[in-house]
Amino acid sequence: MPPHPVPLGFVFRSRAKEEKAPADKAQVTDSKQTRDPQAPKGRPTPKRSEAQTQRRSVAQTPTTRKEAAKRQRDERRVQMEKQRQALANGDERYLPARDKGPVRKFARDFVDSRFCVAEFFLPMAVVILVLSMVRVGSLQNIALLLWLVVIVMIVVDSIAIAIRLKKQLAARFPDVPKKGAVAYALMRTLQMRRLRLPKPQVKRGERP
């Protein structure tokens, strides 16, 4: 018996139609899925708030060296203004590093709550300097004697302040580092009260 004839259409059927059909299906399937053009492939579309935040951060990023330098100057200016206000009102958040902390604050209040001989050093130094410039032997001798008296008074008063402050710090802050606090306080006594920074936050005679 002769073999079954093979349909010519099966042999000569174009492969292009077979390959085109899956491609068309894939296009139809992909067209149904909407994707944000800014979203990376393989990731979910970001929310509108997240997209706005990303765009805002990109917009705020300096693109040139000049813009970056300008932004740094502006940030430095803002930081300096905050620090200036903190030195006036005692805000701990923006004080310089040397003035921060409860130990340094107590040291400042301890000094500001009392009269210190050293804070009158500049006015007395001016008076003594004027007396020493007068070409009168007796006045020059008085000026020299005043120099010695002032120096001795400052030394004695500073020693007394240091001793009392050490005791107070040890009692109030037993487990807190206190290195440099006494020297910090003594340097503050050398400044006139109205010129001290940070500005005094306690009155004279008031306990810190």
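The table below gives the values:
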{"item": "Largest to smallest accessible area among 149, 182, 130 [probe 1.4 Å]", "result": "130, 149, 182"}
{"item": "Of 70/203; 178/203; 70/105, pairs whose Cα-Cα distance is over 31 Å", "result": "70/203; 70/105"}
{"item": "Net charge dipole size for region 148-208 [Lys, Arg +1 and Asp, Glu -1 on Cβ; Debye, nearest 20]", "result": "260"}
{"item": "From phi via Karplus (6.51, -1.76, 1.60), per-residue ³J(HN,Hα) for region 142-156 in Hz, x at Gly/Pro", "result": "5, 4, 5, 5, 5, 4, 5, 5, 4, 4, 5, 5, 5, 5, 5"}
{"item": "Karplus-derived HN-Hα couplings along region 201-208 (A = 6.51, B = -1.76, C = 1.60, θ = phi - 60°), whole Hz, x at Gly and Pro", "result": "10, 10, 8, 5, x, 8, 6, x"}
{"item": "Solvent-accessible area, 1.4 Å probe, carbon plus sulfur percent, for region 152-208", "result": "63"}
{"item": "Point-to-point label distance, residue 201-residue 82, nm (Cα→Cβ direction, 7 Å offset)", "result": "1.7"}
{"item": "Protection-proxy order for peptides 108-118, 75-85, each taking the mean of Cβ atoms within 10 Å per residue, highest first", "result": "108-118, 75-85"}
{"item": "³J(HN,Hα), Karplus 6.51/-1.76/1.60, whole Hz, each residue of region 126-133, x for Gly, Pro", "result": "5, 4, 5, 5, 5, 4, 6, 7"}
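The values are calculated or read from the model by the stated rules, or taken from the named source; none is laboratory data. These figures come from a predicted structure and were not determined experimentally. Heads up, the Cβs are rebuilt from the backbone with ideal geometry, glycines too, and the neighbour counts pull from every protein chain shown. SASA here: full protein model, heavy atoms, side chains in, ligands and nucleic acids out. Shrake-Rupley method; radii C 1.70, N 1.55, O 1.52, S 1.80 Å.
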